[in-house]
Amino acid sequence: MSAEFILQQLLNGVSLGSIYALIALGYTMVYGIIQLINFAHGDVMMVGAYTGWYCTTVLHMSFLPAMLVAMLACSVLGVVIERVAYKPLRKSTRLAALITAIGMSFFLEYGMMFLVSPQTRTFPPVFPQTIYHIGPLTVKYGDIVIITVTVCLMTLLTVVVKYTRIGKAMRAVSFDKEAAALMGINVNNVISATFAIGSALAAAAGVLIGVYYNTVQPLMGIMPGLKAFVAAVLGGIGIIPGAMLGGLALGLTEVFVSAIGFSTWRDAGAFLILIIVLIVKPTGLLGQNTREKV
Amino acid sequence: MRWEKNLILLAAAGVFFVLTSILAGRGLISRFVLLTMTQVCIYIILALGLNLITGFTGQLSIGHAGFMSIGAYGAGFIMKTFDVQAGPTLIFFIPFALIFGVLVAAAFGVLLGLPTLRLRGDYLAIATIGFGEIVRIVLLNTKALGGASGMPLKQFVGWGAAYWLMLLSVVLIYNFVNSSHGRACIAIRENEIAAETMGINTTKYKVMAFAIGAGLAGLAGGIYANHMYMIQPSTFNFLKSFEILVMVVLGGLGSITGCILGAIVMTVMNNALGIFPEIRMIIVSVLLVTMMIFRPNGLMGTTELRLPFRRGPFGTKGDMTNGG
């Protein structure tokens, strides 16, 4: 294996990993706030991809406006899902909430299948098919867009979470919901905002995946969704930098497993990582151990 | 008193079997209905196993189809290797293949149950999803077991065998749940830390529940393999695990009769709506979400259906679980 080959795979891994990281951020933010694994998240991404497809194919928008429309539509969808399905269950058992999330995920998948038919659609070429040669590396225009968009969105998210009022409220709610409520924070609004932001990021990831693989399909959210979840767990669920790290790590692993000739095993690789992480350090790479109190 | 009850139930089961056999023999029950009835039996066995893990022991598992596929491929492997043909040797090979499937699945249950030492709640659910997916991908990549195109088999197990094996599983789970082991499992569900303080070896019972539940899934897989002519890795995907979970949740987490009802309702509905797969899944998911919001413990909760005997065939189980 030559150095160029490894560099090239690193680049591919980073661009795939940054998509996973975008989806993983939504998982991790929601988990940090209400301790719920939002299984429907991958399917929100799928809805985002379809919105992007609709905007570019039918409405002939260019890439950036299409992505913004998709993000807006999905943040509304995320808030609606939270209000309708998750909010009534906030006080019930974890099992009930988890099963509801799975139910919601299937509802989105098959509802979409019913609406737009199960056939696979082709994404129009929204980018020029330019290929740059930087030294020995082949860089597609799409790769550059994916990495730029991801970096911008992550920076934006970090700024929002660290320096704005709503970001501060989010951190307070995830630290202690009751204490935050006592301090006058409207917990319901904060939870809705979290869902809105997470879903918007997922929609961006969806449009990027659609553009990257050229296709959209109602069940496209399952695998990236599960893998992004693996990424979130790998980095330490509930921790925002952890999701970014986990996403990149997962993307790189997947690309390298394929590169050494085991492409049919690459999904198994992701889940194997998950099980190993869960057994060795369930709190993830950046997580801290907490003792369970009686 | 107890003997009388059991005898009456056994007689009722026998009469039902004889009736359906006669009707099927005369062609009054169509092949489709008979297939649905066999599938109901398979799903009841699956739901019973998952109910033991999730409903009675409180460990959320979403990888049940993984155990089912291990059992199916285990049984299928035996039938293929010995090239079993119809004939008198079946009486030996069918139980051998089924038991082999059960044992392999149960062994994997122990393997997966051991990490539950460290994992709880959501994390366990995720690990079981990962397990189910890994099993599917391994089967997909194993040429010796047919890979993606699957393993063609003959139909050696019919409605009769499926029916009696289903009854056997019900008796097994019923007796297990009402034994001291079963009570230990229920104690773990109610409060793990409290159970541990009371001297229950929580790891042992969690692994035991996983082994029995996985073994039953293996049995169901073995029946499936020997009934459906063909097994493919794609049959045993996440969706299948989810369907089994829905049956248990719908009927009642921690209710044997509840999960039997859930399995019957879901399988009949699945087959009736088979031509509209999207609508079927939309109905299932909406049903699930509304159930969780309005009746999070399932239709039956932990209560059991009782027949009008003087003391009820399901004893005082309801009182026991509600007291916790």
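The values are calculated or read from the model by the stated rules, or taken from the named source; none is laboratory data. Just so it is clear, the structure is predicted and the values come from calculations on it, not from any experiment. Here Cβ is always computed from backbone atoms with ideal geometry, including for glycine, and neighbour counts include all displayed protein chains. These accessible areas exclude ligands, DNA and RNA; they are computed on the full protein's heavy atoms, side chains included. Shrake-Rupley method; radii C 1.70, N 1.55, O 1.52, S 1.80 Å.
Sequence-distant contacts, meaning Cα pairs under 8 Å at least 6 residues apart, place the relative contact order of chain B at 30 percent. About the centre of its Cα atoms, chain B shows a dipole size close to 380 debye [charges on the beta carbon of Lys, Arg (+1) and Asp, Glu (-1) only; nearest 20 debye]. Would you mind classifying the protein assembly as shown by shape? Square roots of the alpha carbon gyration tensor eigenvalues, ordered a ≥ b ≥ c; an a/c under 1.5 is rounded, otherwise it is prolate if a/b is larger than b/c and oblate if not. Taking the square roots of the gyration eigenvalues as a ≥ b ≥ c, the protein assembly as shown is prolate. Taking θ as phi - 60° and the Karplus parameters 6.51, -1.76 and 1.60, the scalar couplings of the range B:73-78 work out to 5, x, 5, x, 4, 4 Hz in sequence order, x denoting glycine and proline. Which one, A:MET104, A:LEU156, A:SER174, is farthest towards the positive end of the dipole of the range A:17-222 when Lys and Arg carry +1 and Asp and Glu -1 on their Cβ? My answer, from the dipole projection, is A:SER174.
Between A:GLY236 and A:LEU285, A:LEU286, the built amide H atoms are under 5 Å apart, and every one of these is 5 or more places off in sequence or on another chain. Each Lys and Arg Cβ is given +1 and each Asp and Glu Cβ -1; about its Cα centre, the range B:79-198 then shows a dipole of about 260 debye.
For peptide B:287-300, the mean count of partner chain Cβ atoms within 10 Å of a residue's Cβ comes to 5. For the range A:17-222, the relative contact order is 45 percent, taking Cα pairs closer than 8 Å that sit 6 or more residues apart in sequence and dividing their mean separation by the residue count. Oblate is the label for the range A:17-222. Its Cα gyration tensor axes, ordered a ≥ b ≥ c, give a/c of at least 1.5 and b/c at or above a/b.
For A:THR215, which sequence-distant residues (separation of 5 or more, or a different chain) have an amide H within less than 5 Å of its own amide H, given hydrogens modelled in the peptide plane? When sequence neighbours closer than 5 places are left aside, the close amide H contacts are A:PHE123. Oblate is the label for the range B:131-233, because the ratio a/c of its alpha-carbon gyration tensor axes (a ≥ b ≥ c) is 1.5 or higher and a/b is not greater than b/c. Between B:ALA225, B:THR128, B:PHE242, the Cα set farthest toward the positive side of the dipole of the range B:2-323 (charges on each charged residue's Cβ, about the Cα centre) is that of B:ALA225.
Might you tell me the accessible area per residue for chain B, computed with a 1.4 Å probe and given in Å²?
Value for chain B: 42 Å² per residue.
Just checking the listed ones, B:THR203, B:THR36, B:THR290: in the Gaussian network model of chain B with Cα springs under 10 Å, the one fluctuating most is B:THR290. A straight Cα-to-Cα reach below 17 Å connects A:LYS281 with the aspartates and glutamates A:GLU292, B:ASP122, residues fewer than 8 places away in its own chain not being considered. Loop-located chymotrypsin sites (Phe, Trp or Tyr not before Pro) in the range B:158-233 (DSSP state other than H, G, I, E, B) with a sparse environment of at most 14 neighbouring Cβ atoms within 10 Å: B:TYR229. The largest accessible area among A:SER105, A:SER62, B:SER179 belongs to the first residue in A:SER62, B:SER179, A:SER105, and the rest follow in falling order (1.4 Å probe, all chains). Each Lys and Arg contributes +1 and each Asp and Glu -1, all at the Cβ; summed about the Cα centre of chain A, the dipole is approximately 780 debye. With a 1.4 Å probe rolled over the protein heavy atoms of all chains, the accessible area of A:LYS91, B:LYS206 falls in the order A:LYS91, B:LYS206, largest first.
At the residue level, B:GLU278 shows approximately 40 square angstrom of accessible surface with a 1.4 angstrom probe and all protein chains present.
Order A:MET220, B:MET68 by their accessible area, 1.4 angstrom probe, all chains in place, largest first. List each step's numbers first, then the result.
Details: A:MET220 30, B:MET68 0 Å².
Ranked from most to least accessible, the order is A:MET220, B:MET68.
What number in nm² do you get for chain B if you take the convex hull of its Cα atoms and divide its surface by four?
For chain B, averaging the hull's shadow over all directions gives 17.5 nm².
Which of A:LYS177/B:LYS206; A:LYS87/A:LYS227; B:LYS143/B:LYS206; A:LYS87/A:LYS162 have a Cα-Cα distance over 29 Å? All intermediate terms of the calculation are to be shown ahead of the outcome.
Values: A:LYS177/B:LYS206 32 Å; A:LYS87/A:LYS227 26 Å; B:LYS143/B:LYS206 34 Å; A:LYS87/A:LYS162 26 Å.
Result: A:LYS177/B:LYS206; B:LYS143/B:LYS206 exceed 29 Å.
Of the residues A:PRO128, B:MET300, B:VAL286, the one whose Cα sits farthest towards the positive end of the charge dipole of the protein assembly as shown is B:MET300 (charges of +1 on Lys and Arg Cβ, -1 on Asp and Glu Cβ, taken about the Cα centre). Here the contact order of the range B:149-245, divided by its residue count and restricted to Cα pairs under 8 Å and six or more residues apart, works out to 54 percent.
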